[in-house]
Each structure stands twice: as C-alpha cells, then as structure tokens.
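Data block below; observations after.
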Amino acid sequence: MKTQGFAKKSLIALAVVGAFSGSAFAADSVQLYGIIDMGVGHFTGIAPSNTTAAAGSTASYTGLMSGVVAGSRIGLKGSEDLGGGLKAIFKAETGFCPAGTNQTGAGTSGYCTGGSFMGRTALVGLQGGFGTVQMGRYFTSMFTNEINYDPFQAGFTGAYSNFSLGVFGLNGNAVGSLLRSNQTITYISPSLAGLTLRGDYSFNTGAATDPINTAGNKKTLWSLDGNYAFGSTATVGANYSKVGNITGTNSDGAYKVWQLFGSYNVGIANLMAIYERGTADYYSGHDSSWLVGANAPVGAGNVMVSYGQYGNSLSPAGTSASTSTAKQYAIGYSYNLSKRTMLYTSYAHINNDAKAGNRAGTALAVNTATNGNSGVLGQGSSGFAVGILHSF
C-alpha cells in the first residue's frame, strides 16, 4: 500500500512538473544565449600587488583573460504575448570565467563580471504600445550610453570606462551606482518621431549582496535620459543622473552628473562623442571626462580609434584644488570570421598627472571589459590584447 501511495504521489508530481514545463517551452520566445571571450593581454604601468613595493613603482602583467571585449556570460531571455499588444518580458544573465581564473585587479569577482550569480542582469517587465516598464538589476542609462557611444563599446583595452565618470565619479565613491543598479524600476518610451525617453529610480544601488533597504541611508539613484535619432545618420542625447546618500570622507550627500552624447555617420566612418560633468554636495569644483572617436568598417573588419581626457578638481568645501588630468588614446581592430565569431586586437595608453602643489594627480590604468587594474600616481599605463570572441 505504501508503494502504491508513493507511486500515485510521484505520478501527480510528474504531471504537475510536466504541465509547467510544457507551459514554459510553449512560451512565445525563450532564448538561451551567451558570449565566450578570451584573449592574451599585456599591461604595464599598473599598481603592484605587493603592498611593500616602493612608492611610485609599477608592475607589468601578461596572461590569458576572460572577457577582453565583453564579459563572458550565459543567460536566458524571452517574452510572452499577453494579448492586446501587451507582452511580458524577462532576462536573467550571469558572468563566468572561461579561462578558469579571476582577472587582475581588486575590482573583480568569482563570476568575472556582475559580482554574483545572475548579477549581470535580472529583470522582468511589461511591454506594449505605451513603451516598457521593467524592474530588477541591470545597466544604468548613463553606462548604456557609455557603451553605445564609445567606439570600443566599453571593452577592448581602449574602453571609455578606463576614465569615465561612470567608474571614477566622485573619486570612485559613485562606482557601482552608475554602472549597474539594484532595486531599480525603469520606464522606456516608444520612439516618438525619433525621440526616446527613459527614466530610472533605484531604491538601493549598492553591491549585489546588499540587503533590502531598511535603514533609510542606502545609495539611491534617479536618472532621466533622452536621445533623438535623425534617421540612420545622426543621434544626439542627454542624461542627468543623481546618486544620493553617498558616504565619503566628508558627509553624506548627492553626486550629480550631466552627460551629453552623439554620433554622426559620414559614410566611411561613424563619429562618436561623449561628455560628462559631475558635481557633489559638500565639495567644491567638479570632475569631468570626454571622448571623441570613430569606427570605420573595412571589409569584414572594423577599425576603432579614440582619444579622451579625465579631469578632477573636486575638493572638500572650503578648500581649493587645481585640476588633475589623465589622457588616453586607443586603437583597435576586429575581424568577423562569421556572424558569431570575431578576432580582435587593441592597444591603449594613459598619461597620468603627477602630484604638484594643489594638484592631486591621477592614477588611472588601462583595463579591459572585465579587468580591475589600478594605476600609479603620475605613471603612464599601457595595455595590449589579442583574442577571440564567440557568441551563441
């Protein structure tokens, strides 16, 4: 009797699982996708991992890395038709390290990108004629623009994120808040005669492991973004982002960034530009970064070039500081063996300011899409990489 009861319960359980499985596989669109990107990189002028190294000394590194152009990842995404032009959408994406080890630098994790399992992207939402409403953890609108208007798409060794305010805003205290944000609700409008609007609010932008906000003092984020497309020839846009409750060396306050961006297709090349300017409560001065660049298709390949600068004169209120700067130039080439397989190479160099007088100096380093190298004050940093990317 016990055996019959167990068998009956097992059949019921299998029927329930089968019903749900059948429903899942009958969804309108469910896609397994991913990227595996590995390359050999060589970096010079980076901060030594040895804490006893002499002040001003630098180190070099050569190795096989996971995610030079783009973080290696695997994910599921899909949609369900709810009728009346309404769709449910979802996406869940995690990073992984196909080379078997973490990247160089402290800003990495066991997942190489995203910081946790499914930490790259996790969202659910509704989409229809009104636009899209989604919620979860994903790229901010500011960082999305840094990807779209950087010839290197925030990857290779020439990434704009090597010196953008999305990473180095408010002396690094805004990092994480302006790349991906947690507990976020977003509205994206449909195209309105070429104009697309987006608004985001995050209840707590902190690390992926942060608990639900109960103390009332977690980092918050709200942003407004708009871009206008002139057909397929040109695009211009602006973004305003505000990160609140930032704990720094002075007081809790807000960090505010204006971002302008645009592109223009001249036929033989697509020209791009980004400008960012940030100010903060309890600080005088401002920080800024800008980039100009281009990518040019050459047969099955693409040539990328860019030049940009970072400047910082932020200092505690009541004090003054002259602007410290860093400059980067970069060049790269990619070649498509097929629609899903690409070979690539790139080189970038950063010149850092040394500390002098009121000048704080800069210590930026060349990185890839997933590296976390730190630079050395006043010392130049270079990076070269060659590799292969396959998407599926």
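FYI, it's all coordinate maths here, none of it is from the lab. As the structure is a prediction and not an experimental result, all values here were calculated from the model. Glycine gets a Cβ as well: all are built from the backbone with ideal geometry, and neighbour counts include every protein chain shown.
Which label marks the calculated value of log10 I(q)/I(0) by the Debye sum over Cα atoms at q = 0.10, 0.13, 0.14 Å⁻¹, given the options [x] -0.56, -0.98, -1.16; [y] -0.71, -1.17, -1.36; [z] -0.94, -1.18, -1.25?
[y]
Using only DSSP helix segments of four residues or longer, with each worth -39500 (n - 2.57), what per-residue ellipticity at 222 nm results for the chain after dividing by its residue count and rounding to 500?
On the way: 3 runs with 36 residues, N = 392.
It lands at -3000 deg cm²/dmol.
I want to check the label-to-label distance for Q31 and L82. Put each point 7 Å from Cα in the C-beta direction and report it in nm to one decimal.
Rounded to a tenth, the inter-label distance reads 2.1 nm.
Show me 310-316, 152-158, 351-357, 140-146 ranked by packing, highest mean number of other Cβ atoms within 10 Å first.
On the way: 310-316: 21.0, 152-158: 27.6, 351-357: 15.1, 140-146: 24.0.
Ranked by mean Cβ neighbours within 10 Å, highest first: 152-158, 140-146, 310-316, 351-357.
Taking 56 Å as R0, compute the FRET efficiency from the Cβ-Cβ separation of A356 and S232 and round it to 0.05. Could the numbers behind the result be given before it?
Details: r = 48 Å, r/R0 = 0.85.
Computed FRET efficiency for A356 and S232 comes out at 0.75.
Angle check, please: helix 2-25 long axis (alpha carbons) against the longest principal axis of the chain (alpha carbons), in degrees 0 to 90, nearest 10.
With both axes taken from Cα atoms, the answer is about 50 degrees.
Using 10 Å bins from zero, what percent of all Cα-Cα pairs in region 227-290 falls into each bin?
Taking all Cα pairs of region 227-290, the binned fractions are 20, 37, 22, 15, 6 percent.
Based on the Cβ-Cβ distance from S116 to S338, what FRET efficiency comes out when R0 is 35 Å, to the nearest 0.05?
Values: r = 32 Å, r/R0 = 0.93.
Taking R0 as 35 Å, the efficiency between S116 and S338 is 0.60.
Between V124 and A296, with labels modelled 7 Å along Cα→Cβ, what's the label distance in nm to one decimal, could you check?
A separation of 4.9 nm, rounded to one decimal place.
Sum up the lysine pairs in region 140-391 that clear both bars: alpha-carbon distance under 28 Å and a spacing of 8 or more or different chains.
9
Measuring from label point to label point, each 7 Å out along Cα→Cβ, what is the Y282 to D252 span in nm?
Reported label-point gap for Y282 and D252 is 1.0 nm.
Starting with the highest mean, order 179-189, 296-306 by the number of other Cβ atoms within 10 Å, averaged over the residues of each peptide.
In descending order of packing, they fall as 179-189, 296-306.
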